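The values are calculated or read from the model by the stated rules, or taken from the named source; none is laboratory data. The structure presented is a predicted model; accordingly, all values stated were derived computationally and were not measured. Heads up, the Cβs are rebuilt from the backbone with ideal geometry, glycines too, and the neighbour counts pull from every protein chain shown. What goes into the accessible areas is simple: the full protein's heavy atoms, side chains included, and nothing from ligands, DNA or RNA. Shrake-Rupley method; radii C 1.70, N 1.55, O 1.52, S 1.80 Å.
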Amino acid sequence: MTFIRLVMLTLVPYVLAGQGTMLAGRAGVFNVAQEGIMLTGASVGFLGAYLSGGNLLDGMLLAMVVGGLFGLVLAAFTTTLKMDQFVVGLSLFFIGLALSTLLYRLAVGVTLTPPLIPTLRDIPVPGLSRLPVLGEVFFRHNALVYAAVVLSAVLYLLLYHTAPGLALQAVGENPMAADSLGINVAVMRYATTVAGSMLIGLAGAYLPMVYTATFTDGIVRGRGWLSIALTFFGGWSPHLILLGALFFAAVEVLAFRVQVTGVGVPYQLILMLPYLATMAVMMPTFRRLRVPAFLGRNYDRERRLQV
Amino acid sequence: MNTRRHLPPAGDAVPYLAAVAVAFGAAGIFLAALGFDVVRAYSTILLTSFRTANGVIQTLLKFVPVLLLALAFTVPLAAWKFNIGGEGQLIAGAVGSAAAGILLAGLPAAAILPAVVVAGVGAGALWAALPAWLLYRFGVSEILTTVLMNFVSFGVMDYVATEGWPDTAAGHPTTIPIAPAARLPLLVASPPLHAGILLALGAAGAVAVFVYRTAAGYELRATGANARAAMLHGIPVGRIAPLALVLGGALAGLAGAIEVAGVHHRLIEGVQSNYLLLSILVGLLARGNLVAVPPVAFAIAVLDVGARAMQRTMMIPVEVVFVVEGLVLVFVLLSDVVRRR
């Protein structure tokens with residue numbers, strides 16, 4: 001049972017970053033800067049909390065604002081200036097990686113013992129948390145665990161059952177058609193890219209606030225890249241991304257477990273497990289995945305023929 | 001598929017110089033606001049590489065892996081594939097070379113040295129072959145798989161260094177040294193400069209000739225420029241991009257071999273440094289132009305060595321330079337937009 005509890009705890013950054021990637025992708029913007037945005041989110045999230053005397057909410061808000069700025073740059077460069085999405089994304093990945101460490105070093109300096117912030121407290125859901133077993137596993141978590149699940153549900157309803165959601169789907173599938181129906185493609189792309197990157201920044205901030213209580217250079221450990229894979233598995237759908245995140249989190253918890261208990265398998269092999277598992281699952285599924293048809297391509301309404 | 005997917009060619013120098021000036025200017029204001037001596041910082045960054053023999057050699061040693069990994073990124077880029085796995089391929093190359101250098105001890109230098117280099121190149125190519133196969137067979141995005149292979153390689157390196165041939169005296173995961181005969185000969189004795197730089201420059205020249213002067217290279221570029229048009233002209237598009245990835249892996253593997261046989265003389269954890277990031281930067285700054293890659297890689301090596309000197313002497317974090325480089329990249333890319341109008 002504690003296994004499921006840990007999976008719920010580990011789920012959060014995958015869900016947040018996965019849904020953030022999905023949002024922009026649904027409008028056709030393929031964000032590949034996750035790793036950099038999450039690192040910067042982790043850094044400024046930590047710094048915001050640390051410099052405000054341990055206020056985690058300040059840290060989270062700062063991480064979301066900074067993440068949103070990354071999204072704004074990505075949207076402006078790709079949607080307005082029509083620059084290649086991968087090139088801009090990789091550049092932002094580079095800048096995020098550099099920025100995260102730079103900000104930390106400038107604010108904290110070189111110290112022997114890293115400064116610490118408090119970690120997120122569990123908030124038991126009144127009533128439900130007293131249920132036997134289920135209460136412990138599902139209803140005694142920190143706020144972001146609930147937020148991640150609720151967010152997935154909200155995004156599902158928004159995407160499939162509201163007019164703006166359907167419009168968003170249209171933008172990612174066929175922007176020409178969406179445009180001719182009077183949907184503002186550029187506004188959609190800006191809004192989802194910024195909102196998505198805010199979620200990715202928050203996903204980064206979660207890491208120091210739950211695992212380490214401080215910022216370290218390797219804190220994201222590929223979770224940003226894995227969130228792209230997760231979005232592909234999830235077929236760019238909120239509910240399936242939540243399911244996929246369960247898988248990613250389960251593999252991560254399992255790897256950690258085996259590493260701690262030691263079952264004769266070299267720990268180095270265990271550490272590779274999440275990445276190998278990801279590739280193994282991708283093999284049979286990748287061709288059959290549903291991907292927004294216009295993913296990764298810029299829409300230029302002045303160019304009539306988009307081959 | 002967009003009609004044009006390649007980066008515009010490197011044009012006149014004005015936008016580059018403007019981008020460099022603006023980025024350094026912005027960072028300078030930032031540093032000055034924090035109370036650092038900007039003039040001293042920048043003179044350290046720009047001049048460390050040229051002031052002493054040691055600085056020159058250090059820069060050349062850094063130039064080799066940056067150049068090779070930049071090529072490893074740029075060759076697949078010609079087919080518009082993004083190889084973000086250079087780090088893992090370098091590590092695989094280093095593991096392969098170290099294994100050859102340890103296992104084949106006793107052979108004469110004429111046999112073991114080529115074996116060490118070939119083992120590194122082969123291991124790097126093999127490391128890229130899995131993402132290439134996944135791309136060829138299942139269409140899995142190489143952006144994902146190449147980068148995931150990096151994380152796998154960390155485990156392999158750690159395993160070989162702690163369980164394979166561990167050097168128990170070292171406090172850091174490290175193998176025992178490779179055979180003395182397996183080491184690259186020195187071009188300059190003191191400070192030591194190994195012959196790896198000749199291999200790197202040779203590889204850079206060979207790759208440029210291959211891509212710009214052979215039929216296969218033409219097919220590679222055609223695939224990157226417009227895959228559909230290339231396919232309609234009978235170019236085997238589905239095979240070319242994966243093969244370009246493997247070629248990239250071989251180049252990164254060569255970098256790993258040179259790091260082992262030339263610099264560390266053993267497999268040492270951390271051999272990958274941050275070459276991958278620098279190499280992506282170089283590849284994008286050079287606009288995917290293989291001829292422009294060596295000079296840009298050299299400039300980046302100069303900045304990197306200078307930035308580390310600045311960190312030692314002035315306590316300014318080395319990441320300042322990374323941020324500046326990131327800004328230069330953004331401005332250079334922006335200059336395309338301006339030129340297009």
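Scattering from chain A was approximated by placing one identical point on each alpha carbon and applying the Debye formula without solvent; log10 I(q)/I(0) at 0.07, 0.08, 0.12 1/Å stands at -0.27, -0.36, -0.80.
Note on the stretch A:148-276: semi-axes of the ellipsoid equivalent to its C-alpha gyration tensor, largest first and rounded to whole Å, are 36, 16, 13.
As a rough guide to protection, the peptides B:253-263, A:82-92 ranked by mean Cβ packing within 10 Å, highest first, stand as B:253-263, A:82-92.
Estimated at 0.36 nm per residue, the fully extended path between residue B:21 and residue B:339 surpasses their Cα-Cα distance by 112.6 nm. Rounded, prolate or oblate for the protein assembly as shown? Axes are the square roots of the Cα gyration tensor eigenvalues, ordered a ≥ b ≥ c, and the cut-off for rounded is a/c under 1.5. Rounded is the answer for the protein assembly as shown, as its axis ratio a/c remains below 1.5. Hydrodynamic radius of the stretch A:49-129 by the Kirkwood approach over all distinct alpha-carbon pairs: 15.6 Å. Computed over protein heavy atoms with a 1.4 Å probe, the accessible surface of the stretch A:203-307 works out to 44 Å² per residue. Neighbours of residue B:130, meaning other residues whose beta-carbon lies under 12 angstrom from its beta-carbon, give a summed charge of 0 when Lys and Arg score +1 and Asp and Glu score -1. Partner shielding of A:182-194 amounts to 0, given as the average count of beta-carbon atoms from other chains within 10 Å of each residue beta-carbon.
Multiplying the residue separation of residue A:280 and residue A:110 by 0.36 nm and subtracting their alpha-carbon distance yields 57.1 nm. Centre-to-centre separation between the Cα atoms of the stretch A:255-307 and those of the stretch B:38-88: 30 Å.
Calculate what fraction, in whole %, of the accessible area of the stretch B:256-341 sits on carbon and sulfur atoms when a 1.4 Å probe is rolled over the protein chains. Of all accessible area on the stretch B:256-341, carbon and sulfur atoms account for 66 percent. Using Cβ point charges alone (K and R +1, D and E -1), the dipole size of the stretch A:223-307 about the Cα centre works out to roughly 360 debye. Projecting the Cα atoms of A:237, B:113, A:251 onto the charge dipole of the protein assembly as shown (Cβ charges, centred on the Cα centre) puts A:237 farthest toward the positive pole. Pairing chains A and B buries close to 4400 square angstrom of accessible surface in total, based on protein heavy atoms and a 1.4 angstrom probe.
Of the residues B:104, B:243, B:156, the one whose Cα sits farthest toward the positive end of the charge dipole of chain B, with +1 on the Cβ of Lys and Arg and -1 on the Cβ of Asp and Glu, is B:243.
For a paramagnetic label modelled on residue B:40 (point 7 Å from Cα along Cα→Cβ), amide N atoms under 20 Å away belong, within the stretch B:302-341, to B:305-321.
In chain B, the DSSP-assigned H stretches of four residues or longer account for a calculated mean residue ellipticity at 222 nm of -23500 deg cm²/dmol, using -39500 (n - 2.57) per stretch and the full residue count as denominator.
Taking A:52, A:129 and ordering them by how much accessible surface each has at a 1.4 Å probe, largest first, produces A:52, A:129. In chain B, the inverse of the mean reciprocal separation of distinct Cα atoms equals 20.8 Å; this is its Kirkwood hydrodynamic radius.
The simple Förster model, with R0 at 35 Å and r as the Cβ-Cβ distance, assigns residue B:51 and residue B:29 a FRET efficiency of 0.85.
Considering protein heavy atoms only and a 1.4 Å probe radius, which residues within the stretch A:91-105 exhibit an accessible-area decrease of no less than 40 Å² in the full assembly relative to the chain by itself? Correct list: A:91, A:94, A:95, A:98, A:102, A:105. Could you pull out which residues in the stretch B:251-289 have an amide N less than 19 Å from a spot 7 Å beyond the Cα of residue B:312, following the Cα-Cβ vector? Residues passing the 19 Å test: B:263-264, B:271, B:273-275. In degrees from 0 to 90, rounded to the nearest 10, what is the angle of the helix A:56-75 Cα long axis to the longest principal axis of chain A? Tilt of helix A:56-75: around 30 degrees. Counting, for every residue in B:276-287, the Cβ atoms of other protein chains within 10 Å of its Cβ and taking the mean gives 2.
Summed over qualifying helices (DSSP H, 4 residues or more, each -39500 (n - 2.57)) and divided by its residue number, chain A shows a 222 nm mean residue ellipticity of -22500 deg cm²/dmol.
Against chain A, whose longest principal axis is taken from its Cα atoms, helix A:223-233 shows a tilt of about 50°.
Put a dot 7 Å past the Cα of residue A:211, heading toward its Cβ, do the same for residue A:161, and the two dots end up 3.5 nm apart.
With both labels modelled 7 Å from their Cα along Cα-to-Cβ, the residue B:190 to residue A:186 distance reads 6.6 nm. At 37 °C and 0.692 mPa s, what whole-number value in µm²/s does Stokes-Einstein give for the translational diffusion of the stretch B:246-341, with Rh from the Kirkwood sum over Cα pairs? Calculated translational D: 216 µm²/s.
Protein heavy-atom surface of the stretch A:1-75, 1.4 angstrom probe: 77% of the accessible area is carbon and sulfur, with nucleic acids and ligands not counted. The alpha carbon gyration tensor of the stretch A:246-291 gives principal lengths a ≥ b ≥ c with a/c of 1.5 or higher and a/b greater than b/c, which makes the shape prolate.
Values of log10 I(q)/I(0) for the stretch B:182-225 across q = 0.13, 0.25, 0.32 Å⁻¹ run -0.46, -0.81, -1.01, by the Debye formula with one identical scatterer at each alpha carbon and no solvent. Comparing B:193, B:34, A:87 along the charge dipole axis of the protein assembly as shown, the residue lying farthest to the positive side is A:87, per the Cβ-charge model. Over chain B, accessible surface divided per residue gives 38 Å², non-protein components excluded, 1.4 Å probe.
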